[in-house]
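Below: one structure, written as structure tokens.
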Amino acid sequence: MALVGPLPPPYGGMANQTQQLADRLQAKGIDVELVPTNVPYRPRWVGRIPVLRAFFRLVPYVWSLWQVAGRRRLFHVMGNSGWSWHLFAAPAIWIASLRGCTVVLNYRGGEAENFFRRSFRWVAPTLKRCQRIVVPSGYLQSVFSHFGVQVAIIPNAVDTDRFRDAEPLDDGEGPHFLVARNLEPIYGIPIALKAFSTLLQEYPKARLWIAGSGPERPVLEELAQRLGVDERVTFTGRLTPEEIAVLYRRAHVLLNPSRVDNAPNALLEAMAAGVPIVTTDAGGVPYLVKHGETALLVPVDDHRAMAAAVRRLLKDDDLRRRLITAGRKKIEKDHTWKAVIGQWITCYTEAF
């Protein structure tokens, strides 16, 4: 089979899922050929020129798809919304289909509803070329259903071996908070910074770690300075999975301030690591975690509500323990690779 999608680095949700899926399938004896959608630009200066860079990436990508489709029977295509769909997922599906391959589409991304409203007449013909369409959440299943498309759910998985228990809360040092999202507008990082600014008034030794990269970093660093919290905030930049696991072990609360979301891997990783979660209720988040059971949910763009939820967690040891215990049980039940890999193999078998 061929597996089409982004690969790390950088280490993001879809890239990590693509690489880990390939590794698990190969461990099961399945011959997997990877077709990356994020190959570095050659020459590197091309990446600075918008139209030219698309040409330099698309032409070799399409040629690679054509060659791979001539020697593989099954294509698993990782899909997302917007230009990523048009430039990477759609060409892979059409080429594989035209060359007689079975196609399984694994669609992801919290912006699917808005994307479909704008572009479904262009997306629909491509979807019809797929033998199976799979999404990681009930939220995306409901979006597809609204547009008359039936899909199956196979949840995201997390490498539980990478995570160990977080350190116990130490009031002497002050609590450590973690945000593990890319620095993009849809992930609402300013809300986490404002919530942290409020919490510093009560916990002056607290620290906030923002693990991720993206175009919003200069704006966020400026906001941290304006709020007077820059000395207590660390922007780590890109981290490897091993490095981010270290931060989970140091964290006392994971903050997820996203404005648009589907089934974020950060929440799965936090539950696997035993870190309680305060998250917005954006998009598919309520399908993944339940308020008061596996996380505390707050409204989008409400930093005061986020700060209040964090304060509640820090003061209520019983609540913390209940969230941690329920989160671990959810991961072990639904989101380990041992539980998920068999579902993918069954999906491939049924697609033929």
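In Å, what Rg and Dmax follow from the Cα atoms of the chain?
Both quantities, over Cα of the chain: 20.7, 64 Å.
If I model a spin label as a point 7 Å beyond the Cα along the Cα-Cβ vector, how far apart are those points for F55 and E173 in nm?
Simple spin-label model gives 5.4 nm for this pair.
Given H placed on each backbone N at 1.01 Å, which residues far from V253 in sequence or on other chains put an amide H within less than 5 Å of it?
Sorted by chain and number, the residues that satisfy this are H176, L178.
Just how many pairs of Lys in the chain have C-alpha atoms closer than 17 Å, counting pairs that are eight or more places apart or on different chains? Before the final figure, lay out each step's value.
Numbers: K28/K338; K194/K205; K205/K315; K290/K329; K290/K330; K290/K333; K329/K338; K330/K338.
Taking the Cα cut-off of 17 Å, the pair count is 8.
Considering Cα pairs under 8 angstrom that are at least six residues apart, work out the relative contact order of segment 160-334 and quote it in whole percent. If you can, show how the numbers build up before the last one.
Working: 321 pairs, mean separation 44.3, N = 175.
Across segment 160-334, relative contact order equals 25 percent.
Rg and Dmax of segment 160-334 over Cα atoms: what are they, in angstrom?
In order Rg, Dmax, the Cα atoms of segment 160-334 give 14.5, 44 Å.
Once both labels are modelled 7 Å past Cα along the beta-carbon direction, what's the D318-Q150 spacing in nm?
4.7 nm
Please figure out what share of the DSSP beta bridges in the chain is antiparallel and state it in percent, rounded to the nearest 5.
Of the beta bridges lying entirely in the chain, close to 5 percent run antiparallel.
Give, as ranges by residue number, the residues of segment 209-226 whose backbone N falls under 20 Å from the point 7 Å along Cα→Cβ of N114.
It comes to 213-217, 219-220, nothing else.
In nm, to one decimal, how far is the W63 label point from the E231 one, both placed 7 Å along Cα→Cβ?
5.6 nm
Treat the count of other C-beta atoms within 10 Å as a stand-in for reagent exposure and order F56, F75 from fewest to most.
Details: F56 17, F75 28.
Ranking F56, F75 by Cβ neighbours within 10 Å, fewest first, gives F56, F75.
For segment 298-326 and segment 49-114, write down the distance between their C-alpha centroids in whole Å.
One Cα centre to the other: 40 Å.
Based on DSSP H runs of at least 4 residues, each adding -39500 (n - 2.57), what is the mean residue ellipticity at 222 nm of the chain after dividing by all its residues, to the nearest 500 deg cm²/dmol? Numbers along the way, then the final one.
Values: 13 runs with 161 residues, N = 352.
Computed ellipticity for the chain at 222 nm equals -14500 deg cm²/dmol.
Readers should treat all values here as calculations from the given coordinates under stated rules, not as data from a laboratory. Values in this document were obtained by computation on a predicted structure and should not be read as measured data. Don't worry about glycine lacking a Cβ; one is built from the backbone with ideal geometry, like all the others, and counts go over all protein chains shown.
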